[in-house]
Amino acid sequence: METKRHHVENNKQFPGLNVNSGIKQPPMLNPYAKMRKARPEYSVEAYVKEILKGNRTVLSQAVTLIESNKPEHQEKAQQIIEKCLPYAGKSIRVGITGVPGAGKSTFIDSLGAYILNQGEKLAVLAIDPSSELSKGSILGDKTRMERIGVAANAFIRPSPSAGSLGGVARKTRETIVLCETAGFDTIFVETVGVGQSETAVHSMVDFFLLIQLAGTGDELQGIKRGIMEMADGITINKCDGNNIEKAKLAQAQFQNALHLFPEPPSGWFPKVLTCSAVEDNGIAEIWDMITEYIRFTEQNGFKDAKRHLQAKYWMYESINEYLKNNFYQNEAIAGLLPMYEKQILSNEITSFVAAKKLLDTYFNLTK
């Protein structure tokens, strides 16, 4: 053979050379490994039944259906949510936000551990920062929630924020319904930081908590008035060590700033507290403030009125999201978009005219 002539070690003139044939390659799959069983396919009724039992595995699978973009998954998820609605609405929903580095995850771990010690069940839904390249979730929050991450009565679910924020927020609101059906008494919704996501989270929670830091220069600098007006309570985190005096000063500054805002529609005047999530100081007082607010708004009827407004808000948001997705998924529109993009870049047409032409085409197709 050709190969043997070109390899000296295979030439019969050199009998002293000997090449071993090598070892037999192991199989690609471990023959001793037990193959993982495929997940059982539950019916809508079975999903609801297991969620009502508090089955966290089935709850996770149902949330995955909500987050899926497959039409068949979406349809099944909506059926599950519809059947879960009569069992939902009994939890305390708390939105938690703050500037990056404010210690939101550590704070949630500390406050969550306190709530769990009271015998409550806690769900944490984190709208997590996402990779701009892969659009995947970093999922770093879970690693910083050491205590509640391993607790039997806690459920943590991060959602990637890449893509449509409205879509992620809507799915988070639907996940709240499932968590309440599963018997979770308190639900935290954590946002990625001060920005656009706050409005979405504010529209799905009962109490909105802003976490701030002291000793970072002008304490009120960079905080949007809108965020301050949305807050039902503010806490200055990392009030420990050499930072205690600065935290107390920041507390006074924020309290004074809140006096400049009009009275909130709830009739509740937001409080400013200090805490140290690392040392678990001031955590009990924050939970007392939240439960006091819930009692106050239940008595004056604001809690129910707010939830009714939120339900209407999400109806319109869902319509907007559906129309937007339907527009971009239309094959004719998808084919025309590159052509109009080129015309805009070559100054043949303005962006507004291109948008109108695309919308006119879409509406003519859907008549």
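Does SER266 satisfy the condition of being of a type outside the set (A, V, I, L, M, F, W, C), touching a Cys at 6+ places or on another chain (Cβ under 6 Å) and assigned by TED's automatic domain parsing to the domain that holds PHE107?
no
So, in the range 283-309, how many residues would count as being in contact (Cβ under 8 Å) with a residue 24 or more places away in the chain and in a helix (DSSP H, G or I)?
Residues meeting the conditions: 15.
If I filter the range 75-92 for residues that are under 15 Å from VAL124 (Cα atoms) and surrounded by 24 or more Cβ atoms within 10 Å (Cβ to Cβ), do I get at least one hit?
The answer is no; no qualifying residue exists.
Any chance the range 285-305 includes a residue that's under 30 Å from PRO71 (Cβ atoms) and surrounded by 11 or more Cβ atoms within 10 Å (Cβ to Cβ)?
So far as the range 285-305 goes, no, none of its residues is under 30 Å from PRO71 (Cβ atoms) and surrounded by 11 or more Cβ atoms within 10 Å (Cβ to Cβ).
Looking at ASN347, is it among the polar types (S, T, N, Q), surrounded by fewer than 14 Cβ atoms within 10 Å (Cβ to Cβ) and not in a helix (DSSP H, G or I)?
Yes; evaluated as a whole, the condition is true for this residue.
Within the range 189-199, identify whether any single residue is surrounded by fewer than 20 Cβ atoms within 10 Å (Cβ to Cβ), modelled with pLDDT of 70 or more and among the acidic types (Asp, Glu), and answer yes or no.
No; the residues of the range 189-199 include none that is surrounded by fewer than 20 Cβ atoms within 10 Å (Cβ to Cβ), modelled with pLDDT of 70 or more and among the acidic types (Asp, Glu).
Charged (D, E, K, R), exposed (fewer than 15 other Cβ atoms within 10 Å of the Cβ), outside any strand (DSSP E or B) and more than 28 Å from the chain's Cα centre (by Cα), is that true of GLU279?
When the stated conditions are applied, GLU279 does not pass them.
Which is more than 27 Å from the chain's Cα centre (by Cα), in contact (Cβ under 8 Å) with a residue 24 or more places away in the chain and either within 25 Å of GLU120 (Cα to Cα) or not assigned by TED's automatic domain parsing to the domain that holds ASP206 (or both), of ASN330, ASN320?
Within the list ASN330, ASN320, the selection yields ASN330.
Taking LEU29 and the conditions (1) at pLDDT 75 or above; (2) among the aliphatic types (A, V, I, L, M); (3) more than 30 Å from THR172 (Cα to Cα), which numbered condition does it fall short on, given that it satisfies the others?
Every condition holds for LEU29 apart from (1).
I'd like the residue in the range 80-109 that is aliphatic (A, V, I, L, M) and in a helix (DSSP H, G or I) and, out of all such residues, is farthest from PHE207 (Cα to Cα).
Ranking the candidates gives ILE80 first.
The values are calculated or read from the model by the stated rules, or taken from the named source; none is laboratory data. Fair warning: this is a prediction, and the values are worked out from it, not measured in the lab. When we count neighbours, we look across all protein chains shown, and the Cβ atoms used for this are built from the backbone with ideal geometry, even at glycine.
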